[in-house]
Amino acid sequence: MQKKPKSVMIVAGEASGEMYGASIATEIRALAPETRFFGMGGGNMRKAGVETLVDADTMAVMGLVEVVAHLPVIVNGFNTLKNKLRSDLPDLLILIDYPDFNLRLAKVAKKAGVKVLYFISPQVWAWRSGRVKGIGRVVDMMAVLFPFEVPFYQSAGVPVTFVGHPLLDLVRPTMKRDEALSSLGLDPQRRCVGLFPGSRKSEIGKLLGIILEAAGILKERMPELQFVLPLASSLRREDLAPYLSGSKVEVKVVSGRNHDVMTACDAAVCASGTVVMEMALVGTPHVIIYKMSTFTYEVGKRVINVPHIGISNIVAEKRMVRELVQHEAEPVAIADEVDALLNDAAYATEMREGFAAMRVKLGSGGALGRVARLAMEMMG
C-alpha cells in the first residue's frame, strides 16, 4: 500500500521570513519530493511550490498603532489559516518569526494535534520573557539562530535546537565592488551610498523621506556621491514614487540583487531589520535608523531589556554600529554618521573588523538544511 504524501503548513509574515520559508520548502522537497506545502507567504514561497492561502505582503506591519489600524486584514488572514489547519490537518506546522500571530496559530495547532516547529525565536530574551512558558506549551521544537538563545529555552524546559543563521548561506555577493557598480549602471569611480528604508509600506512612510533629506545633505557636502536603493520584494516602485519625485538627489532604484547592491556601497543607511545582519555579513559600514509611533516607542522603552535594536549589535554584545532611533533619526544626524563612515578610514575599518568577529559567533552555514531535517524527523 502506497504511503500518503506528507503535508506541511508553513507560515511566514514578512519578506525575510518568507524567503527562508521558500528555502525550507525546497530543502524538504529534496528529501521528500511528494510533500505538499500550503500556508502564508509571498512570491518566493509561491515559486518554491507553496500554495499561499494568505499573501504575506498584506500582513507586514509593525508597531502597536499600525497593527490596530491593520487589524481586520490580520484577523481575516488568521481565520483563513485556522480554518485550513482544522479542515486539512497537516503533518507539521512550521512557523517562521512573526510571533504574536504565529504563537496564536500554534495554539490552534496544538489543540488539533498537529506538531509545531518554530523557526526564528520570538525575542523573549529581549522583552516579555514571561512568554517562554506559554511557548513551551504550544511549540514542540524551537529552532534558534543564536547560541545564546539555547540556555534560555533549556532553563524553561522548552525543546530547542541551535541551527545557526540562514544568512550565512544566503548572503553571497557575486561581484566585487567595481563590477557591482558597473552592472548596476553606476560609476565605479564615484563613491556610492546605499539607502535601505525597509520592506514595509509603513516603514517607507516613516523613513524614506528622512533618508532622502539626509542624502541631499550628503550630496551638498560631497557632490560626487551617487545613491542606490534596492526595492524590497514586498514593495512596488509606485510605493517609492511620491518620495523620490520630490527628492533633491537622483537615486538608482534596483530590483533584486540586494547583496550585490550592498557590495557596491561604500556606506549605507539601514532601517532596523534583517538587512542590518545582511549588511554586516557583506561587511559594508552603515548606520541603523528606526522610527515608530510615539505610543509604540514609549511602551517599548518600558518593556525592552536589551541595550541595542540592531541584531548585529546584539550578537556582538557591543555597539558596533550607531543606532539612531525615534527623534535621533533626523537628516543631519544620519548625514553626519554616513559622512564619518565615508571619510574616517579608521572608524570604517574598526566597524568591518567587528563584523568579522560577529560572523565567527554565528557558527557555520547550513541552517535551513538543519531546519528541513528537523522537520523530517518531526514528521517521522
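Cross-link partners of Lys84 among lysines, defined as those whose alpha carbon lies under 20 angstrom from its own and excluding same-chain residues fewer than eight positions apart: Lys4, Lys6, Lys107, Lys110, Lys111, Lys115. Overall, the chain carries a charge dipole of about 1600 debye about its Cα centre when +1 sits on the Cβ of Lys and Arg and -1 on the Cβ of Asp and Glu, all other atoms neutral.
For the chain, what is the mean residue ellipticity at 222 nm derived from helices alone (per DSSP H run of n ≥ 4: -39500 (n - 2.57); sum divided by total residues; nearest 500 deg cm²/dmol)? Mind showing how you got there, number by number?
Details: 18 runs with 180 residues, N = 380.
That calculation yields -14000 deg cm²/dmol at 222 nm.
When you restrict to C-alpha pairs under 8 Å that are six or more residues apart and normalise by the size of region 127-193, the relative contact order lands at 25 percent. Cα centroid separation, region 331-380 to region 1-43: 26 Å. In percent, what relative contact order does the chain have, based on Cα pairs under 8 Å that are 6 or more apart in sequence? Over the chain, the number comes to 16 percent. Dipole of the chain computed with +1 at Lys/Arg Cβ and -1 at Asp/Glu Cβ about the Cα centre; of Leu167, Tyr347, Val325, farthest Cα towards the positive end is Leu167. Against the chain, whose longest principal axis comes from its Cα atoms, helix 294-303 is set at around 60 degrees. Here's the picture: charge each Lys and Arg Cβ at +1 and each Asp and Glu Cβ at -1 in the chain, and of Met279, Gly185, Val158 the one pushed furthest to the positive end of that dipole is Val158.
Each listed q (0.10, 0.15 Å⁻¹) maps to a log10 I(q)/I(0) for the chain from the Debye sum over equal C-alpha point scatterers, namely -0.65, -1.42. Would you mind telling me which residue in Val150, Val75, Val54 has the biggest mean-square fluctuation in a Gaussian network model of the chain, where springs connect alpha carbons within a distance under 10 angstrom? Most flexible of the set in this elastic network: Val75.
Using the 1.4 Å probe convention, the accessible area of the chain works out to 44 Å² per residue with neighbouring protein chains retained. Excluding same-chain neighbours fewer than eight residues apart, the aspartates and glutamates reachable from Lys206 by a Cα-Cα span under 19 Å are Glu14, Asp57, Glu66, Glu238, Asp239, Glu298, Glu323, Glu328, Glu330. Within the accessible area of the chain, the carbon and sulfur atoms contribute 54%, probe 1.4 Å, all protein chains present.
Rolling a 1.4 Å probe over the protein heavy atoms leaves His259 with an accessible area of roughly 30 Å². Taking all protein chains as shown and a probe of 1.4 angstrom, Arg236 keeps an accessible surface of around 130 Å². Measuring spread by the Cα atoms of region 137-263 yields a radius of gyration and Dmax of 19.5, 58 Å.
The values are calculated or read from the model by the stated rules, or taken from the named source; none is laboratory data. None of the values given here were measured: they were computed from a predicted structure. Counting neighbours? That spans all protein chains shown, and the Cβs are built from the backbone with ideal geometry, glycine included. Accessible surface areas use protein heavy atoms only, side chains included; no ligands, DNA or RNA. Shrake-Rupley method; radii C 1.70, N 1.55, O 1.52, S 1.80 Å.
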